[in-house]
Amino acid sequence: MNTIYEKVDPLDPDEAVMKKAGDIIRSGGLVAFPTETVYGLGGDALDADASAKIYEAKGRPSDNPLIVHIAKFEDIYRITQSVPEEARILAERFWPGPLTMIFKKSAIVPDKTTGGLDTVAVRFPSHPVAQKFIEAAGGYIAAPSANISGRPSPTNGEHVLADMDTRIDMIIDAGPCDIGLESTIIDLSSGPCMMLRPGYVNDRMLSEVIGEVKKDEAVFGNSSAAPKAPGMKYRHYAPRGEMTIVAGSGDRVVSFITDKINQRSEGTKIAVLSCTKNADRYKGADLVFDVGDAANEKLIAQRLYDTLRRCDEESIDIIYSEEFDTPSLGLAIMNRLIKAAGHNIIRV
Ligand code: AMP
Ligand code: MG
C-alpha cells in the first residue's frame, strides 16, 4: 500500500489535509495522527472492519482493546451506557487532555474495538490536529499508539513512518509530541475510580478532584493477577537490545554500570540512559543519553521513546538505565521503563 505522508502545522493544519484524512477514515481506511501524548493509529471506532485493520497493521493481539477518541464531550453519550458524575467532574478538569476513562459501552461500539470487553475506553485529546481530524472523520476514532506492537510508542512523525510505512493509508506529521507518554487510564465502569495505567495526570492530581483513587495492584504492586487494562500484560515499549534498570544510590549505580562497560566482550555495543548529573561519568560506553533530571522531568518523558528507538538505530546490544523516580511523572516514566526492560531490574 502507498502511504500518504503529510506534514502539517501543529496549531493550524491545512484544511485540505484534514478533509482527506477524514475521507480515508469514512471509507474504512487507517490514518496515523498526532496527539499530545503519542501518535495514534486511527480508524473508525464504530466500524468493526476498521478496528480489525488496526490490529493487523500493528500486529497487536486482538484481546488488547483500543481507546476511542472523541472531539466533543457530548459525543461520549452515544458510545456509553452511563456516565457517572465523577467522570463529568474529571472531564471538566482534565479534558481535553491526557486522561482516558473507561465506561460500560453501548451497543454501537463493536466488540472488535473493545477487544471483546463490555466496556469502552474514551479520551478527548487536546492536540488541535487530533481534534480537527476526529471531527473530519465523523467523531469517533479508535486508536492505539501508532507503533508495531511491542516497540516503543512513536513520539514524532519519523517514528510513525519507520513502523507504519506501506501498512496504512496516511500519516499526518505535526512534529514532536508534547508529553511523550501514553495517557493515564482510569476505570469508572463499576465501583470506585481505579487507575489502570499511570500517565501525565497522576494520582495526586486526580485525588484533588475526586478524593482517593485506587490503583490496579497488578500494575502498581507485586500481585501476579492479570492487569485490568489487558494491554498492560504485554511486553511493550521495548528496544531490541537487552535492557537492565540499575537502581540504587548514585555512586553505586555509576560504578556498577562502569564495571559492566569495562567487562564487556569485544564488539558488544553498550548504551546508558543517564540523568544529567551522571552523564559524563560513563566513560567507555558507546552511547550515553542524557535524558534529564528531576528538575525537568517533562523532558525525560518527552525523550524516553526516542532514546529507546535510537538504541535500535545504533544497533545497541546492551542498555543500562538509571532509575528516574521523579516527583510528578516518576510513576509513569518508571512504568514504561520497567516494561521496556522486561522487568529486568538490579538493585545495587
Ligand atoms: P495503547 O493505545 O497502545 O496505549 O493501548 C490502549 C490501552 O488501553 C491498552 O493498555 C488497553 O489494554 C487499555 N484499554 C483500552 N480499552 C480498555 C478497556 N475497555 N478496559 C481496560 N483497558 C482498556
Ligand atoms: Mg501502545
(request) Would you be able to say whether some residue in the stretch 231-242 is closer than 16 Å to residue 332 by Cβ, charged (D, E, K, R) and open to solvent by 10 Å² or more (accessible area, probe 1.4 Å)? (result) no
(request) Given the conditions (1) within 16 Å of the chain's Cα centre (by Cα); (2) open to solvent by less than 10 Å² (accessible area, probe 1.4 Å); (3) within 16 Å of ligand 1 (Cβ to nearest atom), report the number of the one that residue 134 does not fulfil. (result) (1)
(message) Restricting to the stretch 26-45, name every residue that is under 22 Å from the mean Cα position of the chain (by Cα) and either within 14 Å of residue 114 (Cβ to Cβ) or not in a loop (DSSP other than H, G, I, E, B) (or both).
(response) 31, 32, 33, 40, 41, 42, 43, 44, 45
(message) I'd like the full set of residues that are hydroxyl-bearing (Ser, Thr, Tyr) and within 16 Å of ligand 2 (Cβ to nearest atom), limited to the stretch 182-231.
(response) 183, 184, 200
(message) Quick check on this structure: which one of 209, 219, 254 is away from ligand 1 (no atom under 16 Å from the Cβ) and in contact (Cβ under 8 Å) with a residue 60 or more places away in the chain?
(response) 209
(request) Please enumerate the residues belonging to the stretch 211-235 that are outside any helix (DSSP H, G or I) and of a type in the set (Val, Ile, Thr). (result) 213
(message) From the list 148, 141, 108, 134, exactly one residue is in contact with a Pro (Cβ under 9 Å, 6 or more places away or on another chain), touching a residue at least 12 places away in the same chain (Cβ under 8 Å) and aliphatic (A, V, I, L, M). Which is it?
(response) 134
(message) Please pick out the residue among 304, 299, 308 that is without any contact (Cβ under 8 Å) to a residue 60 or more places away in the chain and aliphatic (A, V, I, L, M).
(response) 299
(message) I need a count of the residues in the stretch 50-61 that are under 14 Å from residue 116 (Cα atoms) and either more than 12 Å from ligand 1 (Cβ to nearest atom) or in contact with a strand residue (DSSP E or B) (Cβ under 6 Å, 6 or more places away or on another chain) (or both).
(response) 2
(message) For a quick check of your reading: which helices (runs of 4 or more DSSP H) sit entirely within the stretch 127-210 and have at least 1 residues that are among the aromatic types (Phe, Trp, Tyr)?
(response) 128-136
(request) Using the structure shown, decide if residue 91 is closer than 20 Å to residue 183 by Cα, among the aliphatic types (A, V, I, L, M) and outside any strand (DSSP E or B). (result) yes
(request) Taking residue 193 as meeting all but one of (1) of a type outside the set (A, V, I, L, M); (2) within 15 Å of ligand 1 (Cβ to nearest atom); (3) within 30 Å of residue 7 (Cβ to Cβ); (4) open to solvent by less than 50 Å² (accessible area, probe 1.4 Å), write down the number of the exception. (result) (3)
(request) Look through 30, 46, 66 and report the one residue that is open to solvent by 40 Å² or more (accessible area, probe 1.4 Å) and either more than 30 Å from residue 203 (Cβ to Cβ) or within 15 Å of ligand 2 (Cβ to nearest atom) (or both). (result) 46
(message) Consider the stretch 232-260. How many of its residues are away from ligand 2 (no atom under 16 Å from the Cβ) and basic (Lys, Arg)?
(response) 3
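The values are calculated or read from the model by the stated rules, or taken from the named source; none is laboratory data. All of these numbers come straight from a predicted model, not from anything done at the bench. Cβ sites come from the backbone with ideal geometry, for glycine too, and all protein chains shown count toward neighbours. These accessible areas exclude ligands, DNA and RNA; they are computed on the full protein's heavy atoms, side chains included. Shrake-Rupley method; radii C 1.70, N 1.55, O 1.52, S 1.80 Å.
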